[in-house]
Structure formats: C-alpha cells, structure tokens
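Derivation of every value follows stated rules applied to the coordinates shown; laboratory data play no part. Remember, it's a predicted structure, so these values are computed and weren't measured experimentally. Cβ: placed from backbone, ideal geometry, glycine included. Neighbour counts: every protein chain shown.
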Amino acid sequence: MTETDQAPPPFEPVDEDWQTALAVVAHPDDMEYGAAAAVARWTAQGKTVVYVMVTSGEAGIDSLDPAECGPLREAEQIASAAVVGVDTVEFLGHQDGVLEYGLPLRADIARAVRRHRPDVVVTTNFRETYGGVFPNQADHIAAGRAALDAVRDAGNRWVFHEQLKDGLEPWNGVRMVLAAGSPEARHAVDTSDHFALGVASLKEHKAYLAGLGGEMADADEFLESFARMAGSRLGVRYASSFEVISLRG
C-alpha cells in the first residue's frame, strides 16, 4: 500500500462539555446537509442551540421569484429546525447568492453572538473546496469566514463599539468554532441514534428539494453516504464531521 492509498486517520470525538451553541450559516438547508443530526444529539442532551441564517435562501429555487421563495424557505427552515429541537431561528436578511465577506456581515454576526452569548459557534465548511475536488459555494465561504472572525470581534469592546449603545456587552465566552463538513475535519460527533432526525430535518425543505433534484435531493441516500464515512473514522455507525477551531489556549 502506498502512502496515498493509506486510510485516513481516525476522528477524535468533539468536546461536548458545553451548554449553548449558535449556528451561523449562509442558507436554509445548510445545517441539514450534515450537521442537523449532531444538533439533534445536542438538544437531546439538554443543550440549547439557536440557528442564524445569514440569508433567506431566496435565490435557491430557479422556478420561484425571490420575493415568493424567501418566505417559503424561511418557513421550511423553521419547521426543519423544530425537528431537531431548535426553537429559535433568526434571519439576518443579507442577499442570497451574492453574499460578501466584509464588515457589515461581521457586524451582524457579532451582534448575534453578543445577544445569545454561546459557548460554541457552529458553521459550515468555509474552505475553498470540499476535499480539493468540488469547489465550495461562495456564500458558504463568506458566511463561514465572517462567523469565525465575528466570534473574535464580539469579544473586543472596541470593535463594532456602537453596539454597546444597544446594551450588547462584549462576549468572550465562545470556546470553539465547529465547521461542519470541512475537508480539514479531524473530529466528529456520533449521530448513530439521531441520524433519522437529521434526515427528517432535511426533508422539511420540501420545496427546495423538489426544485433541486439530483442526488442531493435524495435525503436518505445522500446523508447516509457521508454519515457512514464519518462514522467509520469515529468507530461508530453514523457521525457528523467537524473542523474544530479552538479559541482557548
């Protein structure tokens, strides 16, 4: 066996010694493609998870005008989140498809971090590709990178200091950022007992999946293939993989 043929190293379990998480992603459905089953596990443990969607996914269905699509996708995301025990879903209102990394986006996410004061922030892959093969989507990159930077912004009193006038004190309590589905993942969460809830959560995006078509619209098959691969590296049946960015020394 050559070096390039060697099996990938085992995953380490994600540290779950925390109580609150804020998930910040670009679109409705982003959490459901890999991380929702982990959220179901966490809420079953008594943890609180809040979702923040940077956009409303209004550019996501070719056959629907954004003015009609946005409210529909918001409703689907709220229903989807409820399946995995998430009661609070917020939408920041940035424009879908043309999301730009920059100060306005960082400020809005920092505001959410300061309001919710989470122990952990969850986002999706912000790397340029998925494993060096498939290019990542631009909104995912912008939202993920902004989330990582906004976590640190939120802890600095003099960054976006105008938020102090709204009673939003700095928050330095985020211990780590978890990026789901990253090609740099070295950790994972055992979702064997919660995988079905993750699938059910994705299936709540009925209009989106109908418009999407293809293999990604087959919730069971698509999610199972990735969950099995991650599970094999964690030594369990199913798992969700994460890149862990520690913010504590």
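Which distance in nm do the two modelled labels at L247 and E12 give, with both placed 7 Å along the Cα-to-Cβ direction?
1.9 nm
What does the highest-first list of 152-160, 59-67 look like by mean Cβ count within 10 Å?
Going by the mean number of other Cβ atoms within 10 Å, highest first, we get 152-160, 59-67.
Restricting the count to DSSP beta bridges whose residues both fall in the stretch 20-246, what percent are antiparallel, rounded to a multiple of 5?
About 40 percent, rounded to the nearest 5.
Could you compute how fast the chain diffuses translationally, taking Rh as the Kirkwood radius over C-alpha pairs and applying Stokes-Einstein at 10 °C with viscosity 1.306 mPa s? Give it in µm² per second.
The diffusion coefficient I find is 87 µm²/s.
Tell me the label-point distance for the pair A82, S192, using the 7 Å Cα-to-Cβ offset, in nm and rounded to one decimal.
Taking the simple label geometry, A82 and S192 are separated by 3.2 nm.
Within the stretch 110-135, list the residues whose amide N lies under 19 Å from a label point set 7 Å along Cα→Cβ of E90.
110-124
Rank these for me by crowding, Y238, Y130, going from fewest to most other beta carbons within 10 Å.
Fewest-to-most Cβ neighbours within 10 Å comes out as Y130, Y238.
Could you size up the charge dipole of the stretch 14-140 around its Cα centre, putting +1 on the beta carbon of Lys and Arg and -1 on that of Asp and Glu, and report it in debye to the nearest 20?
560 debye
Determine which residues of the stretch 55-81 fall in the zone a paramagnetic label at A210 would reach in this model, i.e. backbone nitrogen under 11 Å from the point 7 Å along Cα→Cβ.
none
Mind checking the dipole of the chain: about its Cα centre, +1 per Lys or Arg Cβ, -1 per Asp or Glu Cβ, Debye to the nearest 20?
920 debye
Whole Å is fine, so just give me how far the alpha carbon centre of the stretch 168-231 lies from that of the stretch 116-151.
The distance from the Cα centre of the stretch 168-231 to that of the stretch 116-151 comes to 13 Å.
In debye, nearest 20, what is the charge dipole magnitude of the stretch 10-56 about its Cα centre with +1 on Lys and Arg Cβ and -1 on Asp and Glu Cβ, if you could check?
Its charge dipole is roughly 160 debye.
I'd like the Karplus ³J(HN,Hα) series for the stretch 210-223: coefficients 6.51, -1.76, 1.60, θ = phi - 60°, whole numbers in Hz, and an x wherever there's a Gly or Pro.
With coefficients 6.51, -1.76 and 1.60, one gets 5, x, 6, x, x, 5, 6, 7, 8, 4, 4, 5, 5, 5 Hz.
Pull out the extension gain between A217 and E162, defined as 0.36 nm times the separation in residues minus the alpha carbon to alpha carbon distance; nm, one decimal.
15.5 nm
Regarding the stretch 1-91, what is the average projected area of its C-alpha convex hull, in nm²?
Computed as one quarter of the Cα hull surface, the answer is 8.4 nm².
Note down the relative contact order for the chain as a percent, whole number, built from C-alpha pairs under 8 angstrom at least six residues apart.
It rounds to 27 percent for the chain.
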